[in-house]
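**Q** Starting off with a structure, shown below.
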Amino acid sequence: MDKNLRKGFYFHSYQAPELSPFDRLFDIFKELITHTSGDLDEALDWLRELDSEYNLTTDDYSLDDFVEDLKRKGYIREEFEDDGTPGMAITAKTERAIRKQALEQIFGNLQKSGSGNHKTKFAGRGDEHTGEFREYQFGDSLERISLTESLRNAQVNNGVDEFRLTENDLIVEEARYKSQMSTVLMIDISHSMILYGEDRITPAKKVAMALAELITTRYPKDTLDIIVFGNDSWAIAIKDLPYLKVGPYHTNTVAGLELAMDMLRRKRNTNKQIFMITDGKPSCVRERDGSYYMNSNGLDQYIVDKCLTQAAQARRLHIPITTFMIADDPYLQHFVSLFTEANQGKAFYTGLKGLGEMIFEDYEANRRKRIRG
């Protein structure tokens, strides 16, 4: 037998793909710019320190060459500071690149989908083929009739010599409805998100960027709104995520929930949900007169009751809340348990590792549900 005709598998040691000097540095740069909340100068300073320690550049390609390539490729631009001094900043192209990298890091095990829309468990006169067949029923759309299966059925039932196609021979391909989901992601930006030597805000915003990129590319019919909450709550645009920072704030969970529900009330989609990433207890509410009631000592029952009221209100509006609690204090977990029970939602008590995968799995699971109002 000719050896050239033999077939089989060949195994060899893994070899990393060859990257250009720019691409190798750009991967590191995108990670640094996320940690520095979009501060270009600080990111480049960190890159220089890493270069001095790990020899990232060569005589043929220096950091100055890299910066010039960033300008030429449209990833950074020159601008003037408030005091009139010249400076540089990242562009929208870099913001998109950061979101794409976050998606690949967190949801990198996802398989690409052609249609990219969410399925429900309800079959019928939907808009996505399933590959399953059934007999034709009155009212079925004509475009759902499978011509090949129907002709085959007619041949079996009537024979080839006296071929005829009747209503009883018609076969219809099943379809499922593509549902749409409106999601509000709430991110805690209180001061505790950077306390105790642990950076919790960077993983949280990376998850938000990955979720935003996932929805806009794979589920373009879905909507995602992002809310941050400290003493107050406000919406931010997806493009603002790389620049997100923690402030000297308490945790006004009530304000975040009120804003999230107000935004979801305006959505026409049947499926609505709230994701909340937080590491601390609610410690602040805003009173009717505009003043703030704050208490950081333990769980204040006045604040807790207002949170539970909001959870119950969301339940009445058929808006499930999924809480991702990145703290392990028993008394805080007890509060989250009460909050989840009031909403009939879900809670995950997790560290920062695996947070993205948990949010994706829950997002996918919730999209497969059809919530009836």
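**Q** Restricting attention to the stretch 179-231, and to residues there that are among the aliphatic types (A, V, I, L, M) and part of a loop (DSSP other than H, G, I, E, B), which single residue is nearest to Met358 (Cα to Cα)?
**A** The initial filter retains those residues of the stretch 179-231 that are among the aliphatic types (A, V, I, L, M), namely 181, 184-187, 189, 193-195, 201, 204, 207-212, 214-215, 224, 226-228.
Still in the running and part of a loop (DSSP other than H, G, I, E, B): 189, 195.
Numbers: Ile189: 20, Leu195: 24 Å.
Within the stretch 179-231, the match that is nearest to Met358 (Cα to Cα) is Ile189.
**Q** Quick one: how many residues across the stretch 79-93 are in a loop (DSSP other than H, G, I, E, B) and closer than 13 Å to Ile33 by Cα?
**A** Taking the stretch 79-93 and keeping what is in a loop (DSSP other than H, G, I, E, B), we get 81-85, 91.
Now drop any that are not closer than 13 Å to Ile33 by Cα, which leaves 91.
Final tally of qualifying residues: 1.
**Q** How many residues does the stretch 310-328 contain that are touching a residue at least 40 places away in the same chain (Cβ under 8 Å) and surrounded by fewer than 16 Cβ atoms within 10 Å (Cβ to Cβ)?
**A** Residues of the stretch 310-328 touching a residue at least 40 places away in the same chain (Cβ under 8 Å): 310-311, 313-314, 317-327.
Next, only the ones that are surrounded by fewer than 16 Cβ atoms within 10 Å (Cβ to Cβ) stay: 313, 317-318.
The total comes to 3.
**Q** Cβ-Cβ under 6 Å, sequence separation 6+ or interchain: first residue in the stretch 226-252 and in contact (Cβ under 8 Å) with a residue 12 or more places away in the chain, partner among the basic types (Lys, Arg) and open to solvent by less than 10 Å² (accessible area, probe 1.4 Å). Which pairs?
**A** Cβ pairs passing all conditions: Leu241/Lys205; Leu244/Lys205.
**Q** For the stretch 277-289, check the following and say yes or no: at least one residue is among the charged types (D, E, K, R), crowded, with 22+ Cβ neighbours inside 10 Å and farther than 19 Å from Ile189 by Cα. Full working, then the answer.
**A** The initial filter retains those residues of the stretch 277-289 that are among the charged types (D, E, K, R), namely 279, 281, 286-289.
Still in the list and also crowded, with 22+ Cβ neighbours inside 10 Å: 279, 281.
Filter once more, keeping what is farther than 19 Å from Ile189 by Cα: none.
Within the stretch 277-289 (the criterion being among the charged types (D, E, K, R), crowded, with 22+ Cβ neighbours inside 10 Å and farther than 19 Å from Ile189 by Cα), the answer is no, since none of the residues qualifies.
**Q** Right, another one. Scan the stretch 12-34 for residues that are surrounded by fewer than 16 Cβ atoms within 10 Å (Cβ to Cβ) and closer than 21 Å to Ile201 by Cα and report the count.
**A** Within the stretch 12-34, residues that are surrounded by fewer than 16 Cβ atoms within 10 Å (Cβ to Cβ) and closer than 21 Å to Ile201 by Cα number 1.
**Q** Further, regarding this structure: Name the residues in the stretch 113-141 that are within 38 Å of the chain's Cα centre (by Cα), at pLDDT 50 or above and of a type outside the set (Phe, Trp, Tyr), would you? Can you show your working first?
**A** To start, the set of residues in the stretch 113-141 that are within 38 Å of the chain's Cα centre (by Cα) comprises 113-134, 140-141.
Right, trim to at pLDDT 50 or above and you get 131-134, 140-141.
Across the stretch 113-141, the qualifying residues are Gly131, Glu132, Arg134, Asp140, Ser141.
**Q** Pairs, please: C-beta under 8 Å, at least 6 apart or cross-chain, first residue on the phi > 0 side of the Ramachandran plot and in contact (Cβ under 8 Å) with a residue 12 or more places away in the chain and in the stretch 60-84, second open to solvent by less than 40 Å² (accessible area, probe 1.4 Å) and β-branched (Val, Ile, Thr)?
**A** Gly74/Thr91
**Q** Now for a separate question. Taking the conditions exactly as written (of a type in the set (A, V, I, L, M), open to solvent by less than 10 Å² (accessible area, probe 1.4 Å) and closer than 15 Å to Gly280 by Cα), does Ile189 satisfy them or not? Step through it out loud before you land on a result.
**A** Values: of a type in the set (A, V, I, L, M): yes; open to solvent by less than 10 Å² (accessible area, probe 1.4 Å): yes; closer than 15 Å to Gly280 by Cα: yes.
Taking the combined requirement at face value, the residue satisfies it.
**Q** Here is a further query. Would you mention how many residues in the stretch 232-257 are in a strand (DSSP E or B), surrounded by 15 or more Cβ atoms within 10 Å (Cβ to Cβ) and under 19 Å from the mean Cα position of the chain (by Cα)? Explain how you work it out, then say what you get.
**A** The first filter runs over the stretch 232-257 and keeps only residues in a strand (DSSP E or B), leaving 233-236.
If we keep only those that are surrounded by 15 or more Cβ atoms within 10 Å (Cβ to Cβ) as well, we get 233, 236.
Next, from what is left, pick out any that are under 19 Å from the mean Cα position of the chain (by Cα): 236.
Residues that pass the stated criteria total 1.
**Q** While we're on this one: Which residue is most open to solvent (accessible area, probe 1.4 Å), if the candidates are limited to the stretch 52-66 and must be assigned to a helix (DSSP H, G or I) and closer than 12 Å to Pro21 by Cα?
**A** As a first pass, look at the stretch 52-66 and keep what is assigned to a helix (DSSP H, G or I): 52-54, 63-66.
Pick out the ones that are also closer than 12 Å to Pro21 by Cα and you get 63, 65-66.
Working: Leu63: 28, Asp65: 63, Phe66: 0 Å².
For the stretch 52-66, the residue satisfying everything is Asp65.
**Q** Of all helices (runs of 4 or more DSSP H) completely enclosed by the stretch 258-373, which ones contain at least 1 residues that are within 23 Å of Pro248 (Cβ to Cβ) and not small (Gly, Ala, Ser)?
**A** Working: elements: 301-316, 330-343, 355-367.
In the stretch 258-373, 301-316, 330-343 are the helices (runs of 4 or more DSSP H) which contain 1 or more residues that are within 23 Å of Pro248 (Cβ to Cβ) and not small (Gly, Ala, Ser).
**Q** If you take the residues in the stretch 70-109 that are in contact with a Leu (Cβ under 7 Å, 6 or more places away or on another chain) and either exposed (fewer than 15 other Cβ atoms within 10 Å of the Cβ) or of a type outside the set (Phe, Trp, Tyr) (or both), which one is modelled with the lowest pLDDT? Full working, then the answer.
**A** Pass one, the stretch 70-109, residues in contact with a Leu (Cβ under 7 Å, 6 or more places away or on another chain): 76, 88-90, 103, 107.
Adding the requirement that they be either exposed (fewer than 15 other Cβ atoms within 10 Å of the Cβ) or of a type outside the set (Phe, Trp, Tyr) (or both) leaves 76, 88-90, 103.
Details: Ile76: 96, Met88: 91, Ala89: 94, Ile90: 96, Leu103: 88.
Selected residue: Leu103.
The values are calculated or read from the model by the stated rules, or taken from the named source; none is laboratory data. Remember, it's a predicted structure, so these values are computed and weren't measured experimentally. All Cβ positions, glycine included, derive from the backbone under ideal geometry; neighbour counts span all protein chains shown. In case anyone asks, the SASA skips ligands and DNA or RNA and just uses the protein heavy atoms, side chains included. Shrake-Rupley method; radii C 1.70, N 1.55, O 1.52, S 1.80 Å.
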